[in-house]
1. Please list, or write none, the aspartates and glutamates whose alpha carbon is within less than 20 Å of the alpha carbon of LYS159, excluding same-chain residues fewer than 8 places away.
2. With an 8 Å Cα cut-off and a minimum separation of 6 or more residues, compute the relative contact order for the chain in percent.
3. Taking the alpha-carbon distance from LYS168 and a cut-off under 20 Å, which aspartates and glutamates remain once sequence neighbours fewer than 8 residues away in the same chain are dropped?
4. Given points 7 Å out from each Cα along the Cα-Cβ axis, report the ARG307 to VAL17 separation in nanometres with one decimal.
5. Based solely on its DSSP helices, what 222 nm [θ] is calculated for the chain when runs of n ≥ 4 H residues each add -39,500 (n - 2.57) and the sum is averaged over all residues, nearest 500 deg cm²/dmol?
6. Taking only the Cα atoms of the range 4-140, how large is their convex hull per residue, in Å³?
7. Within the chain, what is the longest stretch that has no trypsin sites (Lys or Arg not before Pro) placed in a DSSP loop and near at most 11 other beta-carbon atoms within 10 Å?
8. May I ask you to give the average projected area over all directions of the convex hull of the Cα atoms of the chain, in nm² rounded to one decimal?
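The numbers here are math on the coordinates, done by the rules we state, and not lab data. Note that this is a predicted model, so its numbers are computed, not measured. Here the Cβ positions follow ideal geometry from the backbone for every residue, glycine too, while neighbour counts run over all protein chains shown.
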Amino acid sequence: RETARQPQRPSSVRTYVVRAGDTMGRVASRFGLTLVDLLSANLDRTSLDDLPVGSTLNIPTGQPGLLVKIKPGQSALSLIAGYGADLVATARVNDVLPTELEVGDELLLPGIRAESFAQTLAEKREAERQAQIARERQLKYERYLAWKKQKERDRLEEKYAAQARYEKYLAWKNSPERRAQMEAYERQAQYEAAQAAARERQVAQTPQRTAVSAASSGSVRSGLAWPMRSYRLTSRYGERDIAFHRQFFHGGIDLAAPYGTPIYAAAAGTVTQSGYGAFGLNVWTTGGDSTLIYGHMSRAAVSAGQRVEQGQLLGYVGCTGVCTGPHLHFEVRIGGETINPLGLLP
Ligand SMILES: [Zn+2]
């Protein structure tokens, strides 16, 4: 009866279990071997870098050489002859007569080095490195393309949106409704001009009485002062657009200025209202038959009943009430009718 025979391996070759942090180069130098020596004993390696912890490496402790496994159809002698190894030296490092080895046994061929195998693995490693660089470059380029495409999309979207806004504006501007509105404003302006002219004539007819009255009462006919030192005229009298309080005829002018800009009395008069009203936090002053309205204030500096002189501080710019940004709504009424303040301002 035959006993099962364990595959033979040279006693000078020991097994090393890979630890964390090991590299082929580090393991080789730990055992005083060159990388090629180590690779020559480990022909099953497929990579110079793939070295999992717990996997094993063959370490020649005596003379290094090529460690081969005898495959079916081969013999130790055919391998020795094939690789051109020295027969005596081979018998010595393997501690066995080559003729005693069988298929499946391992044979160390001293002095034979797997140069081309090491070269192949080194080339493979270099190829992988190059492929990785190419992949990263491609990825970077693709990311750049995506970014560029998104930027172009954003640009086009903004362009189309602006175009749409413009077309909407044009449609509104050219709409029959708006034309009708503009004609209505025109008629109203003409009507007001006629009214103002009539009032002027009335004033001219009674010059002394009116002059006295204007001087003492602060009537706007004696002239208005700008209610702010700096401002931007953002809406004229009679204009109308989508802003809320201009859904109706704009009875005054809008002067945009930063929050807190001081507002001064455009004419002398008596404060009849200081607090929340038709134009947010607003101050109304009356002099003679004229009323001045200062709207959307953030804070008022006067109170009802108080007498104010032209140029006196009334309050500060804000955006109270129906408002889309800090501004002063300045309105002038004569005999209860609004007029265009620009006609009275210097
Ligand atoms: Zn206004």
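1. GLU167
2. 12
3. Answer for LYS168, where 20 Å is the Cα cut-off: GLU157, GLU158, GLU177, GLU239, ASP241, listed by chain and number.
4. Distance between the two pseudo-spin positions: 10.8 nm.
5. -12500 deg cm²/dmol
6. 138
7. 20-228
8. 37.2
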